[in-house]
1. State the extension gain, in nm to one decimal, for the chain segment bounded by residue 186 and residue 68, taking 0.36 nm per residue of separation less the distance between their alpha-carbons.
2. Which FRET efficiency, nearest 0.05, do residue 43 and residue 175 yield, Cβ-Cβ r, R0 25 Å?
3. Starting from the 7 Å offset along Cα-to-Cβ, what nm value, one decimal, do you get for the label separation of residue 59 and residue 155?
4. Going by average Cβ neighbours within 10 Å, how do the peptides 17-28, 166-177 rank, with the highest at the top?
5. May I ask for the angle, rounded to the nearest 10°, between helix 88-110 and the longest principal axis of the chain, with both axes built from Cα atoms and the value confined to 0 to 90°?
6. With n ≥ 4 as the cut-off for DSSP H runs, can you work out [θ] at 222 nm for the chain, using -39500 (n - 2.57) per run divided by the number of residues, rounded to the nearest 500?
7. Test of understanding: express the Cα radius of gyration of segment 9-200 as a ratio to 2.2 N^0.38 Å, with N the residue count.
8. Please work out whether segment 1-107 counts as rounded, prolate or oblate from its C-alpha gyration tensor, where a ≥ b ≥ c are the square roots of the eigenvalues and a/c under 1.5 means rounded, while otherwise a/b larger than b/c means prolate and anything else oblate?
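Where a number appears in this text, it was derived from the coordinates with a stated rule and is not lab data. Since this is a predicted model, take the numbers as computed values, not measurements. Glycine gets a Cβ as well: all are built from the backbone with ideal geometry, and neighbour counts include every protein chain shown.
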């Protein structure tokens, strides 16, 4: 029997998180933090997400729907940020991403469909249908929570502080949330050997 090859969780995490890290580092290294630096960082972010998609297709042979959707929104709102010289568009991107994901997952739940399985891909081997539905519910509510958090940060923080919180605070929060779901997943059939890969492939856009 042919063994199914597991996805490279570390590389997938780098593909997902790398563009955001490039955005952060470019902004910090570009200068004092004005609109020019924001535009430079946004351009770097857009280039990085395109490279990430290419790496996903060429090396991993797969790009998750979540990454595709995020990339389209980043390119669209990044373009508006550059054209209008207004950082609020790139700041709004996470809110829209989280609302789309959260709303989409809840819509799937209403039809007893675990849409998260389509978004995340084959990273939870052995997980039962009940486990998928519970995980879908949890992430749907968490995405909606993140949308609210991003709007609060966008309205109350400087761009510099918002970006720092987005890169480190939200990312760490997502990893902690993913880890917190592990006991439930293991009780619902998740292969214990897939635990690390599952956390590494947590969405961070």
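1. Values: separation 118, 0.36 × 118 = 42.48 nm, distance 2.85 nm.
Extra length available between residue 186 and residue 68 comes to 39.6 nm.
2. Details: r = 28 Å, r/R0 = 1.11.
Computed FRET efficiency for residue 43 and residue 175: 0.35.
3. Placing both labels 7 Å beyond Cα along the Cβ direction yields 4.0 nm.
4. On the way: 17-28: 19.5, 166-177: 16.4.
So the peptides 17-28, 166-177, ranked by packing, come out 17-28, 166-177.
5. Orientation of helix 88-110: about 20 degrees from the principal axis.
6. Numbers: 10 runs with 148 residues, N = 205.
-23500 deg cm²/dmol, from helical runs alone.
7. Working: Rg = 17.0 Å, N = 192, 2.2 N^0.38 = 16.2 Å.
After normalising by residue count via 2.2 N^0.38 Å, the value is 1.05.
8. On the way: a/c = 2.76, a/b = 1.61, b/c = 1.72.
It comes out oblate by the Cα gyration axes.
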